[in-house]
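Engineer: Encoded as structure tokens, here's the structure I'll be asking about.
Since every read-out is calculated from the coordinates, none of them should be taken as a lab result. The shown structure was predicted, so the numbers you read here are calculated from the model rather than taken from an experiment. Quick reminder, even Gly has a Cβ in these numbers, built from the backbone with ideal geometry, and neighbours come from all protein chains shown.
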Amino acid sequence: MTTANKITLARIALIPVFMVLASMRQTWASWAAFAVFAAAGLTDGLDGYIARRYNQVSDFGKFVDPLADKLLVFAALLLFVADGRMPVWSCMLILARELVVSSLRMVAAVQGVVIQASVWGKIKTFSQMVCILLLLAGFDRLFGWIVPVCAWVMALTAVISGAIYIRDNFAVVRDGVSAKEK
């Protein structure tokens, strides 16, 4: 297993730690959750850099890296929704986008096509990480406008990037028949 893939798996392993800390109602735990989330978020850039720099790009990494991002973001969003700090509609749009793009990737994989992350997918992930960190740091308690701004930014970047993935990769599902079935 490559170093890049080990880092990605470490990000996934940090998710339950983050969730336990974020669920605790103590100041130290909130800051620890912030630190764990930030560290996990930084591993996203690190594993990609290492994979490209040291020629460790793999199909496993292309699939598991985006999954790790989704799981980390979903963990935070679900905690925010449960606490009433994030609107359900925003979380649902983000979840729907992820399911659609993941489904598109699975259909493509059956055809031997690997759909890599696009620039818009990276923008979406970056905006989600920044917004989640702002909320974890408690900025929503200081500035009430942070939640609606973050909800809209995360939802819009999710919808835009999802639409671009569908547009750019629609050939893999055109007419509902895969290329191998034709």
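Engineer: Checking PHE170 against (1) surrounded by fewer than 14 Cβ atoms within 10 Å (Cβ to Cβ); (2) closer than 30 Å to ALA33 by Cα, which test does it fail?
Structural biologist: Here PHE170 meets the rest and fails (2).
Engineer: So, one more: Determine if the stretch 120-131 includes at least one residue that is surrounded by 14 or more Cβ atoms within 10 Å (Cβ to Cβ) and either more than 17 Å from the chain's Cα centre (by Cα) or over 22 Å from PHE37 (Cβ atoms) (or both).
Structural biologist: Yes: the stretch 120-131 contains one or more residues that are surrounded by 14 or more Cβ atoms within 10 Å (Cβ to Cβ) and either more than 17 Å from the chain's Cα centre (by Cα) or over 22 Å from PHE37 (Cβ atoms) (or both).
Engineer: In addition: If a residue has to be assigned to a loop (DSSP other than H, G, I, E, B) and of a type in the set (Val, Ile, Thr) to count, how many in the stretch 117-156 make the cut? Before you say what the answer is, go through the steps one by one.
Structural biologist: Keep residues of the stretch 117-156 that are assigned to a loop (DSSP other than H, G, I, E, B), which gives 117-118, 137-138, 143-145.
Right, trim to of a type in the set (Val, Ile, Thr) and you get none.
So the answer is 0.
Engineer: Six or more apart or on different chains, Cβ atoms under 9 Å: show the pairs whose first residue is in the stretch 106-132 and free of Cβ contacts under 8 Å to residues at least 12 places away in the same chain and closer than 24 Å to ILE146 by Cβ and whose second is surrounded by fewer than 18 Cβ atoms within 10 Å (Cβ to Cβ) and aliphatic (A, V, I, L, M).
Structural biologist: Sorted first by the residue in the stretch 106-132, then by its partner, the pairs are VAL130/VAL153.
Engineer: Look at the stretch 63-92 and say how many of its residues are under 29 Å from VAL173 (Cα atoms), more than 13 Å from the chain's Cα centre (by Cα) and not hydroxyl-bearing (Ser, Thr, Tyr). Working first, answer last.
Structural biologist: Here is the first cut: in the stretch 63-92, the residues under 29 Å from VAL173 (Cα atoms) are 63-74, 89-92.
Okay, now just the ones that are also more than 13 Å from the chain's Cα centre (by Cα), so 89-90, 92.
Those still in the list that are not hydroxyl-bearing (Ser, Thr, Tyr) too: 89, 92.
Of the residues in the stretch 63-92, 2 are under 29 Å from VAL173 (Cα atoms), more than 13 Å from the chain's Cα centre (by Cα) and not hydroxyl-bearing (Ser, Thr, Tyr).
Engineer: When you go through VAL153, VAL73 one by one, which is the residue that is in contact (Cβ under 8 Å) with a residue 12 or more places away in the chain, farther than 24 Å from THR27 by Cα, hydrophobic (A, V, I, L, M, F, W, C) and touching a helix residue (DSSP H, G or I) at 6+ places or on another chain (Cβ under 9 Å)?
Structural biologist: Numbers: VAL73 fails: farther than 24 Å from THR27 by Cα.
None of the other options fit; the residue is VAL153.
Engineer: In addition: Looking at ALA109, is it within 13 Å of the chain's Cα centre (by Cα), more than 30 Å from TRP28 (Cβ to Cβ) and among the small types (Gly, Ala, Ser)?
Structural biologist: Working: within 13 Å of the chain's Cα centre (by Cα): no; more than 30 Å from TRP28 (Cβ to Cβ): yes; among the small types (Gly, Ala, Ser): yes.
No, not satisfied.
Engineer: Could you grab me the full set of residues in the stretch 13-59 that are farther than 17 Å from PHE126 by Cα, in contact (Cβ under 8 Å) with a residue 60 or more places away in the chain and not small (Gly, Ala, Ser)? I'd like the intermediate steps shown before the answer.
Structural biologist: The first filter runs over the stretch 13-59 and keeps only residues farther than 17 Å from PHE126 by Cα, leaving 13-33, 50-59.
Restricting the remaining residues to those that are in contact (Cβ under 8 Å) with a residue 60 or more places away in the chain gives 15, 19, 22, 30, 33.
If the condition is that a residue be farther than 17 Å from PHE126 by Cα, in contact (Cβ under 8 Å) with a residue 60 or more places away in the chain and not small (Gly, Ala, Ser), then ILE15, MET19 are the ones that fit.
Engineer: Checking the condition of a type in the set (Lys, Arg), exposed (fewer than 14 other Cβ atoms within 10 Å of the Cβ) and in a helix (DSSP H, G or I), which residue from ARG25, ARG52 passes? Talk me through it step by step, then tell me what you get.
Structural biologist: Working: ARG25 fails: in a helix (DSSP H, G or I).
Result: ARG52 is the single residue among ARG25, ARG52 that is of a type in the set (Lys, Arg), exposed (fewer than 14 other Cβ atoms within 10 Å of the Cβ) and in a helix (DSSP H, G or I).
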